[in-house]
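What follows is a set of notes on a single structure, which appears directly below.
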Amino acid sequence: MRRALFGLLALFLLLPLGGCGRDPLYESAFLAMDTVVQLRFSREGVSDADLKAAAAECEAIVARIEGAISRTAASSETVRFNASAGGIASSDEDFLAVLSASLRAAEETEGAVSPALGRLTELWNVSGGGYVPTEAELAEARAHCDWRALSVADGFAAKTDAALCLDFGAIGKGYAAARLIEYLVTTGIRWGLVSLGGNVALFGEKPDGRAFRVGLTDPADKAAVAGYLSVPDGFVSVSGDYERYFEADGVRYHHIFDPATGRPAASGLHAAAVWSRDGTLADALSTALFVMGAERALAFYDAHPGLFEAVLIADGAIRVTPGLTEGGFEAAGAYSLIP
């Protein structure tokens, strides 16, 4: 078995060279949530001292959130919940907010994305090198992965299955990105971005008035680009089978599980990218759409007008939601758009 290296970025921002010359960027980075968090801020009208202070506060915000929702940090609320028999009373706003948002997403997507897959995450151990479970092991883990056994109300996070374990991997980074932008728009920084794993948060308006242009990684070649999203401020989240995986006996097993099977999702997609004004939602939906596959994902889009836009990448072909058909997306490389 081997584990693939996790790319530093699932997507990247392209800025016009002229704009960068007129309005150079302040850049900073730090490690958190098992990835590199990159910050790029406009310097216009803001001192270097204030920019550094903003970057330090961003790091503190992410550390606070990670400390609450991490599945592995010994002192986190998630670890405390997973070890409990019936749930925990908690005053941690981040933990309660992420759990509540996760349950809403699970209900809305009919379980395509779920916070209750901790037993599967532990069993497959993709991040630790990988393990292919037996059918008996898989059945036992799946028996304790029902999100409907979870609830949260009045500061109490409850579970009716003592063996159920939370895993916020499908939503945690999106929530953190949303909290960062919530802070950054109060700082006087005019525009910029935060990149956090497969999530990019865009805020403000560039001096030339153009949309932000985001390149989506080609799942078949992580050094290449499958296409370009042109979007205003908001959040772009990408889930793909090329991000974290291991191989055993010639088979690739990735980290995005289908709750219905307990196995890595086999929907025909290699990546799903979502743009939304809601960072937490964008992260959850990129996973859900990947699990659903193209047809179900497009039907879900039709049933939720105005909520998000999406790019669905399969072998050599890309489908996009209607809001991106008029200049919102440009295919690149060997990819072609399917109407």
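The values are calculated or read from the model by the stated rules, or taken from the named source; none is laboratory data. Fair warning: this is a prediction, and the values are worked out from it, not measured in the lab. Here the Cβ positions follow ideal geometry from the backbone for every residue, glycine too, while neighbour counts run over all protein chains shown.
Could you grab me the full set of residues in region 299-339 that are at pLDDT 95 or above and of a type in the set (Ser, Thr, Tyr)?
TYR301, THR321, listed by residue number.
Please specify each residue of region 311-327 satisfying the condition of being assigned to a strand (DSSP E or B) and either touching a Cys at 6+ places or on another chain (Cβ under 7 Å) or small (Gly, Ala, Ser) (or both).
ALA314, ALA317
Is it true that some residue in region 149-169 is of a type outside the set (Ser, Thr, Tyr), free of Cβ contacts under 8 Å to residues at least 60 places away in the same chain, out of contact with any Phe, Trp or Tyr (no Cβ under 7 Å at 6 or more places or on another chain) and at positive phi?
Among the residues of region 149-169, at least one is of a type outside the set (Ser, Thr, Tyr), free of Cβ contacts under 8 Å to residues at least 60 places away in the same chain, out of contact with any Phe, Trp or Tyr (no Cβ under 7 Å at 6 or more places or on another chain) and at positive phi, which makes the answer yes.
Pick from THR109, THR121: which is touching a Leu at 6+ places or on another chain (Cβ under 9 Å) and either of a type outside the set (Lys, Arg) or at pLDDT below 95 (or both)?
That would be THR109, the only listed residue that is touching a Leu at 6+ places or on another chain (Cβ under 9 Å) and either of a type outside the set (Lys, Arg) or at pLDDT below 95 (or both).
Would you check which residues across region 140-184 are of a type in the set (Phe, Trp, Tyr) and either touching an Asp or Glu at 6+ places or on another chain (Cβ under 8 Å) or outside any loop (DSSP other than H, G, I, E, B) (or both) and list them?
TRP147, PHE156, TYR175, TYR183 - these are the residues of region 140-184 that are of a type in the set (Phe, Trp, Tyr) and either touching an Asp or Glu at 6+ places or on another chain (Cβ under 8 Å) or outside any loop (DSSP other than H, G, I, E, B) (or both).
Confirm whether ARG119 is among the basic types (Lys, Arg), farther than 19 Å from LEU285 by Cα and buried (at least 20 other Cβ atoms within 10 Å of the Cβ).
yes
So that you can scan it fast, the table gives a plain yes or no per residue for (1) in contact (Cβ under 8 Å) with a residue 60 or more places away in the chain; (2) buried (at least 22 other Cβ atoms within 10 Å of the Cβ); (3) of a type in the set (A, V, I, L, M, F, W, C); (4) under 19 Å from LYS173 (Cβ atoms):
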{"residue": "ALA273", "(1), (2), (3), (4)": "yes, yes, yes, yes"}
{"residue": "GLY293", "(1), (2), (3), (4)": "no, no, no, no"}
{"residue": "PHE300", "(1), (2), (3), (4)": "yes, no, yes, no"}
{"residue": "PHE308", "(1), (2), (3), (4)": "no, yes, yes, yes"}
{"residue": "ALA317", "(1), (2), (3), (4)": "no, no, yes, no"}
{"residue": "PRO322", "(1), (2), (3), (4)": "no, no, no, no"}
{"residue": "GLY327", "(1), (2), (3), (4)": "yes, no, no, no"}
{"residue": "LEU337", "(1), (2), (3), (4)": "no, no, yes, no"}
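Go through region 185-201 and give me each residue that's in contact with an Asp or Glu (Cβ under 9 Å, 6 or more places away or on another chain) and crowded, with 24+ Cβ neighbours inside 10 Å.
GLY197, GLY198, ASN199, ALA201
Which ones in region 18-34 are surrounded by 16 or more Cβ atoms within 10 Å (Cβ to Cβ) and at pLDDT 95 or above?
The answer is TYR26, SER28, ALA32, MET33.
Regarding region 287-298, can at least one residue be identified that is assigned to a strand (DSSP E or B) and modelled with pLDDT of 95 or more?
No, region 287-298 contains no residue that is assigned to a strand (DSSP E or B) and modelled with pLDDT of 95 or more.
Which of the residues that make up region 45-56 are surrounded by 14 or more Cβ atoms within 10 Å (Cβ to Cβ), in a helix (DSSP H, G or I) and either touching a Gly at 6+ places or on another chain (Cβ under 8 Å) or not small (Gly, Ala, Ser) (or both)?
If the condition is that a residue be surrounded by 14 or more Cβ atoms within 10 Å (Cβ to Cβ), in a helix (DSSP H, G or I) and either touching a Gly at 6+ places or on another chain (Cβ under 8 Å) or not small (Gly, Ala, Ser) (or both), then ASP50, LEU51 are the ones that fit.
All but one of (1) within 25 Å of GLY215 (Cβ to Cβ); (2) surrounded by fewer than 24 Cβ atoms within 10 Å (Cβ to Cβ); (3) in contact with a helix residue (DSSP H, G or I) (Cβ under 7 Å, 6 or more places away or on another chain) hold for ALA282; state the number of the condition that does not hold.
(2)
Against the definition (under 30 Å from GLY128 (Cβ atoms) and among the polar types (S, T, N, Q)), how does SER286 come out, yes or no?
Judged against the criteria, SER286 is a match.
Among the residues of region 57-96, write down those that are in contact with a helix residue (DSSP H, G or I) (Cβ under 7 Å, 6 or more places away or on another chain), part of a helix (DSSP H, G or I) and not basic (Lys, Arg).
GLU57, CYS58, ILE61, VAL62, ILE65, ALA68, ILE69, GLU77, THR78, ASN82, ASP94, PHE95
Would it be correct to say that ALA136 is in a helix (DSSP H, G or I), within 16 Å of the chain's Cα centre (by Cα) and among the small types (Gly, Ala, Ser)?
The answer is no for ALA136.
Across region 111-140, what is the number of residues that are of a type in the set (S, T, N, Q) and in contact (Cβ under 8 Å) with a residue 24 or more places away in the chain?
Number of matching residues: 3.
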